[in-house]
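Everything below concerns the one structure shown next.
Just so it is clear, none of the values below were taken in a lab; they were calculated from the coordinates. What you see is a predicted model, and the numbers here were worked out from it, not measured in a lab. Reconstructed Cβ throughout: ideal geometry from the backbone, glycine too, with neighbour counts over all protein chains shown.
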Amino acid sequence: MKTYIIGNWKMNFTVGESSLYLHKLLTKLHFYRDIEVIVAPSALALQPLSLQTNRRKIKLAAQNIFYRDYGPYTGEFSVAQVRSLVDYVIVGHSERRHIFHESDKDIKLKVAAALRGGLTPILCIGETESERTFGETADVLKDQLLGGLADVSREELSKVIVAYEPVWAISGHGSSAVASPLDVADVFVLLRKTLKETYGPKLSAEIPLLFGGSVKSLNAESYLSLADCNGLLIGGASLIFSEFNDIIEITKQIKND
Ligand code: PEP
């Protein structure tokens, strides 16, 4: 299985800045066969960056989509509108769930819409700080995982990527907490077991599990070394060239491309 290194640029960079940064990535990063490098710029930048990128080196992801194909949905865009620009779409990011109140049902429909349109959904799941404090982590994660996949057929399952992102460990929201690799390892075991019990060993083994939450070059190795870690979803550190570059080099060393 490939290792996925995904930079989520969130609501950062103008279109011009995005283009300059992509240019730097394309010219300065080393690319490795088994490492899939993906960046998720703002929706405004997807069109120009899709013309600029070399998809063999860097693929693009949308940060969100709506699940209808077209119609009276002000401010939204559909898979049909974005599918020629990107290969991936992030679905259910905690900022979408908690700031924009996306429900489990919205997320399930978005995962299914992405697959229907030929895009790979990166389904994000993660418990909040209070859910963790009250010992609800396992239940929340199982609900979000199986809820997000509820409309996915067995044939489509291997096209989904799952990213575990504990909400309390995501940077930029006032907390500097980071997840311990041991805790993340436990969660990966839980997720793989849940997938195995639901879909069987063969299908469950085909779903990449990623970690995200304050990943930097300094701690990337500790997560990438976990047995079940198939990659990283990186927010803040992906905005800094040297950080993103170092994380890719660390990935190369650990996964021994
Ligand atoms: C994210 O929001 O997906 C994320 C992981 O952010 P950060 O790396 O900044 O914590």
Whole-angstrom gap from the range 60-80 to the range 91-169, using each part's C-alpha centre: 17 Å
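Take peptides 243-254, 144-155, 47-58 and line them up by average Cβ neighbours within 10 Å, highest first, as a rough protection proxy. The partial results should precede the final answer.
On the way: 243-254: 18.3, 144-155: 16.8, 47-58: 14.3.
So the order, starting with the most tightly packed, is 243-254, 144-155, 47-58.
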Quick check: pseudo-label points 7 Å beyond the Cα along Cα→Cβ at TYR73 and GLU136, how many nm apart are they? 2.8 nm
Rg (one decimal) and Dmax (whole number) from the Cα set of the range 61-120, in Å, equal 10.6, 29
For the chain: relative contact order, % (alpha-carbon pairs under 8 angstrom, 6 or more apart): 20 percent
Kirkwood Rh, Cα Rg: Rg to Rh for the chain? 0.93
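What FRET efficiency comes out for LEU218 versus GLU129 if R0 is 22 angstrom and r is the Cβ-Cβ distance? Round to the nearest 0.05.
On the way: r = 23 Å, r/R0 = 1.03.
Here the calculated transfer efficiency is 0.45.
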I'd like the FRET efficiency for ILE99 and ASN256, computed as 1/(1 + (r/R0)^6) with the beta carbon distance as r and R0 of 35 Å, rounded to 0.05. 0.35
Computed E for ARG154/SER242 - FRET, C-beta separation, R0 51 angstrom, nearest 0.05: 0.75
Label model pair GLU249, HIS23: point-to-point distance (7 angstrom along the Cα→beta-carbon line) in nm is 2.4 nm
Please give, to one decimal in nm, the separation of the simple spin-label points placed at MET11 and LEU190, each 7 Å out from Cα toward the Cβ. 3.0 nm
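Using just the helices of the chain, give the 222 nm mean residue ellipticity in deg cm²/dmol: DSSP H runs with n ≥ 4 each add -39,500 (n - 2.57), and the total is spread over all residues, rounded to 500. Walk me through the numbers on the way to the answer.
Values: 11 runs with 107 residues, N = 257.
It lands at -12000 deg cm²/dmol.
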